[in-house]
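K.L.:
One structure coming up, written as structure tokens, with questions to follow.
The values are calculated or read from the model by the stated rules, or taken from the named source; none is laboratory data. Since the model is a prediction, treat every value here as computed from it, not as a measurement. Every residue, glycine among them, receives a Cβ derived from its backbone with ideal geometry; neighbour counts consider all protein chains shown.
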Amino acid sequence: MGDSPRHGLARVLSKLGVCSRSQAQALVRAGRVRVNGRIARDAETPTDSVRDRIAVDGEEVSARAKIYFALNKPRGYVTTASDEHARDTVYDLLKSDAVELPAAWLAPVGRLDKASEGLLLFTNDSAWAARLTDPASHLDKTYHVQIDALADDELLARLREGIVDAGERLALKSVRELRRGEKNSWLEIVLDEGRNRQIRRVLAACDVGVLRLVRIAIGPIALGELGKGQVRALTESELKHLARMLA
């Protein structure tokens, strides 16, 4: 049997689910990580996650069980582990939730901006996260969006046509009106690609403002009845269904 692959130490710690890569780099620089009994001060030290003995603060680490969670992100939280402006982050919700989360680094799968709400996935499985966010996967993401206008046929046609913004072609996979009030409409918008603030940019190009933007599904994983700020584990059925879609 050949040797298992060797990667930089910080990357190995991240893939083992110990912490993020940037946190791992800081641990290594601080001399808190040993490989085979010796302090490693270079985050790029070639390391074999299977054969080498890795310890952080004297405690040997090994691959953590893979975990997958869904969060219903409220408006006003930023999708980051720490914020230089001391804003509330999604990790504040993970810490305070009644669900007992395992002691492992959880990373968000993609993002929702501060003003957006809804389904946000977390995992310590970096390979799984990469498959979900790979543009080649064309995984559908479904949003319910309240706009400050009434969605007539002309607007819907413009949205379906897509736009070019800052040299970038932005298109919606589908859009339809869900319901309307006196002055605004709710739209269902499906994306199969992930560009920065894509929905807001397309609507802004059509002189339409966003009042609320809620992601309700990622592939077969639906927000459902999950309360705002609440977390749940993904089911085996959801994970298997998603794996079939990504295959």
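K.L.:
Quick check on this structure: which one of Ala217, Ala233, Ala247 is without any contact (Cβ under 8 Å) to a residue 12 or more places away in the chain and either within 18 Å of the chain's Cα centre (by Cα) or loosely packed, with under 15 Cβ neighbours inside 10 Å (or both)? Outline the logic, then answer.
P.N.:
Numbers: Ala217 fails: without any contact (Cβ under 8 Å) to a residue 12 or more places away in the chain; Ala233 fails: without any contact (Cβ under 8 Å) to a residue 12 or more places away in the chain.
Going through Ala217, Ala233, Ala247 in turn, just one is without any contact (Cβ under 8 Å) to a residue 12 or more places away in the chain and either within 18 Å of the chain's Cα centre (by Cα) or loosely packed, with under 15 Cβ neighbours inside 10 Å (or both): Ala247.
K.L.:
Within segment 181-205, can you find the residues that are more than 30 Å from Leu246 (Cβ to Cβ) and surrounded by 15 or more Cβ atoms within 10 Å (Cβ to Cβ)?
P.N.:
Asn184, Ser185, Ala205
K.L.:
I've got another one for you. What is the one condition in (1) more than 30 Å from Gly118 (Cβ to Cβ); (2) surrounded by 20 or more Cβ atoms within 10 Å (Cβ to Cβ); (3) among the hydroxyl-bearing types (Ser, Thr, Tyr) that Tyr68 does not satisfy?
P.N.:
Result: Tyr68 fails condition (1) only.
K.L.:
Where in segment 131-247 are the helices (runs of 4 or more DSSP H), entirely inside, with at least 3 residues that are within 18 Å of Ala115 (Cβ to Cβ)? Walk me through it before giving the result.
P.N.:
On the way: elements: 153-161, 198-205, 236-246.
Ranges flagged: 198-205.
K.L.:
Further question on the same structure: Among the residues of segment 53-65, count how many are surrounded by 11 or more Cβ atoms within 10 Å (Cβ to Cβ), charged (D, E, K, R) and at pLDDT below 90.
P.N.:
Going through segment 53-65, the residues surrounded by 11 or more Cβ atoms within 10 Å (Cβ to Cβ) turn out to be 53-56, 61-64.
Those left that are additionally charged (D, E, K, R): 53, 64.
Imposing the further condition that a residue be at pLDDT below 90 reduces the set to 64.
Adding up the residues that qualify gives 1.
K.L.:
Just one of Ala243, Ala222, Ala204, Ala247 is of a type outside the set (Phe, Trp, Tyr), closer than 23 Å to Ala171 by Cβ and out of contact with any Cys (no Cβ under 8 Å at 6 or more places or on another chain); which is it?
P.N.:
Details: Ala243 fails: closer than 23 Å to Ala171 by Cβ; Ala222 fails: closer than 23 Å to Ala171 by Cβ; Ala247 fails: closer than 23 Å to Ala171 by Cβ.
Going through Ala243, Ala222, Ala204, Ala247 in turn, the sole match is Ala204.
K.L.:
Would you pick out the residues in segment 66-82 that are under 26 Å from Val210 (Cβ atoms) and either part of a strand (DSSP E or B) or acidic (Asp, Glu) (or both)?
P.N.:
Result: Ala70, Leu71, Asn72, Lys73, Val78.
K.L.:
When you check Leu119 against the structure, is it in contact with a helix residue (DSSP H, G or I) (Cβ under 9 Å, 6 or more places away or on another chain), surrounded by 15 or more Cβ atoms within 10 Å (Cβ to Cβ) and touching a residue at least 12 places away in the same chain (Cβ under 8 Å), yes or no?
P.N.:
On the way: in contact with a helix residue (DSSP H, G or I) (Cβ under 9 Å, 6 or more places away or on another chain): no; surrounded by 15 or more Cβ atoms within 10 Å (Cβ to Cβ): yes; touching a residue at least 12 places away in the same chain (Cβ under 8 Å): yes.
The answer is no for Leu119.
K.L.:
Among (1) of a type in the set (Phe, Trp, Tyr); (2) touching a strand residue (DSSP E or B) at 6+ places or on another chain (Cβ under 7 Å); (3) in contact (Cβ under 8 Å) with a residue 40 or more places away in the chain, where does Tyr77 come up short?
P.N.:
Failing condition for Tyr77: (3).
Residue-wise test of (1) under 16 Å from Lys228 (Cα atoms); (2) assigned to a loop (DSSP other than H, G, I, E, B); (3) modelled with pLDDT of 85 or more.
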residue	(1), (2), (3)
Glu84	no, yes, no
Ala103	no, yes, no
Leu120	yes, no, yes
Trp128	no, no, yes
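K.L.:
Please name all residue pairs, on different chains or six or more residues apart, with Cβ atoms under 7 Å, provided the first residue is in segment 13-32 and is touching a residue at least 12 places away in the same chain (Cβ under 8 Å) and the second residue is in a helix (DSSP H, G or I) and of a type in the set (Lys, Arg).
P.N.:
From residues that are touching a residue at least 12 places away in the same chain (Cβ under 8 Å), the pairs are Ser14/Arg21.
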